[in-house]
1. Classify segment 78-221: rounded, prolate or oblate, from the alpha-carbon gyration tensor (a ≥ b ≥ c, eigenvalue square roots; a/c under 1.5 rounded; otherwise prolate if a/b is larger than b/c)?
2. Within the chain, what's the longest run with no trypsin sites (Lys or Arg not before Pro) in a DSSP loop and at most 15 other beta-carbon atoms within 10 Å? Give the range, please.
3. With every protein chain present, what is the per residue accessible area of segment 52-185 (1.4 Å probe, Å²)?
4. For segment 215-261, what does the alpha-carbon gyration tensor say about shape, rounded, prolate or oblate, given a ≥ b ≥ c as the root eigenvalues, a/c under 1.5 as rounded, and a/b over b/c as prolate?
5. Which of rounded, prolate, oblate describes segment 139-206, given a ≥ b ≥ c as roots of the alpha-carbon gyration tensor eigenvalues and a/c under 1.5 marking rounded, otherwise prolate only if a/b is larger than b/c?
6. Could you point to the label whose value was computed as semi-axes √(5λ) of the Cα gyration tensor in Å for the structure here, given (1) 27, 23, 18; (2) 41, 26, 14; (3) 36, 23, 15?
7. Have a look at THR49, THR150, THR120 and tell me which one the Gaussian network model of the chain (Cα, springs below 10 Å) gives the largest fluctuation.
8. What number comes out for the charge environment of ASN101, summing +1 per Lys or Arg and -1 per Asp or Glu over other residues with Cβ under 15 Å away?
Amino acid sequence: MLISDIVKRMRESSELVSMFGREQSANTDYSRRVAKGKVATYWDGTTATAGAPELVVVKMTSGKLISTPEVHEDQMADAFFAAESFLMEEVTAEVGDVSANAILAGDGANKPMGFINYFTKEEGVKALADRKVDHFRVIAKADGEELVDTLRKMVIELPSAYKGRAKFVMSVHAYELISKEKYTTGESVIQRDPNGAVAGRLHGYDIVVDRLLPDTAPVMFGDYQAAFAVVELPNHMTMQRNPYVKDFMVRFVIGMRLGTITKANDAVVGMFLA
């Protein structure tokens, strides 16, 4: 079993996870420096503005996932049944699914901080220069404003540099709510895809519905590869066989460390439905 097999399973479990960037690190002390604030820029003859960007360190959050499957020694000895291969396939599936959930919604406590936890109503409404460098823009739905108009604002607010790969991503719950919205003409705000390749289109952009996203997740629009990365630590994957824990049983102890890190915090815009 290789870490590439687990990553493949994670990407199959969640389409959003498959859209994130991928990076590798030899250790858990992985970070990047980003600039916060604006450079002083003004026209000659006008009032000079002050300002200099501050270099801020963004660190990877990570955790070690442990799996301890057991198999009877008679099954291991069965020449007609590849017990260990079967077991590793099951472990790959389970570890991949658990990892994908953490990448999306992990709380950062002994596990990676999940992507959706970098969207908060308190921090997300701040201007880019004032917002934490690891938090994304959040658009608040104004009182009395139609939902479709707020969704349009998300498209307008995303910088043009990210629109080439931009998509809407949402939970099943959010998709069902938005599907009920209609224009004054009676048409649904979601344009159906006749080929069924995507869940539909909204304001001209593809919609991805991720079944692993919780109902409370924001509706998101942007370039996810530019915004977030899954950090693989190939040197931190271990597997041991222990035939002494339980009589006639072989226990496999598998450990894998995985991390996440934010990248461009203006590459995605979010909106909470509640």
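1. oblate
2. 39-125
3. Averaged over the residues of segment 52-185, the accessible area is 55 Å².
4. Judged from the Cα gyration tensor, segment 215-261 comes out oblate (a/c at least 1.5, b/c at or above a/b).
5. Oblate shape, in that a/c is at least 1.5 and b/c is the bigger or equal ratio.
6. Computing semi-axes √(5λ) of the Cα gyration tensor in Å and matching it to (1) 27, 23, 18; (2) 41, 26, 14; (3) 36, 23, 15 gives (2).
7. Residue with maximal mean-square fluctuation among THR49, THR150, THR120: THR49.
8. Local net charge: -3.
The values are calculated or read from the model by the stated rules, or taken from the named source; none is laboratory data. Computed from a prediction, not measured in an experiment: that's the story for all the values here. Quick reminder, even Gly has a Cβ in these numbers, built from the backbone with ideal geometry, and neighbours come from all protein chains shown. Accessible surface is based on the protein model in full, side chains and every heavy atom, while ligands, DNA and RNA are left aside. Shrake-Rupley method; radii C 1.70, N 1.55, O 1.52, S 1.80 Å.
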